[in-house]
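One structure is given below, encoded as structure tokens.
The values are calculated or read from the model by the stated rules, or taken from the named source; none is laboratory data. The structure displayed is predicted, hence computed values, not measured ones. Every residue, glycine among them, receives a Cβ derived from its backbone with ideal geometry; neighbour counts consider all protein chains shown. Accessible surface areas use protein heavy atoms only, side chains included; no ligands, DNA or RNA. Shrake-Rupley method; radii C 1.70, N 1.55, O 1.52, S 1.80 Å.
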Amino acid sequence: FETFPLAELPAISVTLIIILMLIGTGPGSTGGGIKITTAAIVAGAIRSTLSGERVVLLFRRKMAPETVLRAFSIIVIFIVMCGFAVMAMQFFNPGESVEKNLFETVSALTTTGLSFGVSRQVGLSGKLFIIALMYLGRLGPFTFLLFLMGREKTDKIQYPTERVIIG
């Protein structure tokens, strides 16, 4: 479904569309992406860090540290998946620009359905890769995280807390 050619958009608009595709939809939706709530929790954590607060507050509710850690993990997993997928698309479609391959990859991983037409030009192996990305995106990093959480261990040993200088 394309109401206008995406190739005619300026680069800033394409970048904004990529960011919106990455964020995706709400958590109860069938759409892909990292989900609005995950992005909001991470944005709240960054705001709290910059303002020197020790807790993450959103809409007068305190976010559990485990939830904040999971939100950051989901975003990191999703970005790493996108990075590797773009590199693979460059392998399958070396003549195309990185911007178009990035757009196609993010669209497939987030099950958005927008395209620059790259999927029409790529060979059979590239098309199969895009299909695999769509299935992987439908499962999403949250499902992967749930798989990892199923194996969550209980702490038998308490380690001392260390304050590490970062940044």
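Some points to look at:
- Residue within region 18-41 that is out of contact with any Leu (no Cβ under 9 Å at 6 or more places or on another chain), of a type in the set (A, V, I, L, M) and closer than 19 Å to Ala64 by Cα present: yes
- Of all the listed residues (Gly31, Gly44), the sole one being of a type outside the set (A, V, I, L, M) and assigned to a helix (DSSP H, G or I) is Gly44.
- Note on region 73-111: residues that are among the small types (Gly, Ala, Ser) and farther than 14 Å from Met21 by Cβ amount to 5.
- Residue within region 40-47 that is at pLDDT 90 or above, open to solvent by 50 Å² or more (accessible area, probe 1.4 Å) and hydrophobic (A, V, I, L, M, F, W, C) present: yes
- Of the helices (runs of 4 or more DSSP H) contained entirely in region 64-136, those carrying at least 3 residues that are under 19 Å from the mean Cα position of the chain (by Cα), surrounded by 14 or more Cβ atoms within 10 Å (Cβ to Cβ) and of a type outside the set (A, V, I, L, M) fall at 65-92, 98-109.
- Among residues of region 18-39, those that are hydrophobic (A, V, I, L, M, F, W, C) and either open to solvent by less than 40 Å² (accessible area, probe 1.4 Å) or touching a strand residue (DSSP E or B) at 6+ places or on another chain (Cβ under 8 Å) (or both), counted: 4
- Beta carbons closer than 8 Å, at least 6 apart along the sequence or on distinct chains, pair a first residue in region 38-67 that is more than 17 Å from Gly167 (Cβ to Cβ) with a second that is of a type in the set (S, T, N, Q) and open to solvent by 50 Å² or more (accessible area, probe 1.4 Å) for Ile41/Thr67.
- Residue match in region 2-25 (condition: under 19 Å from Leu109 (Cα atoms) and among the acidic types (Asp, Glu)): yes
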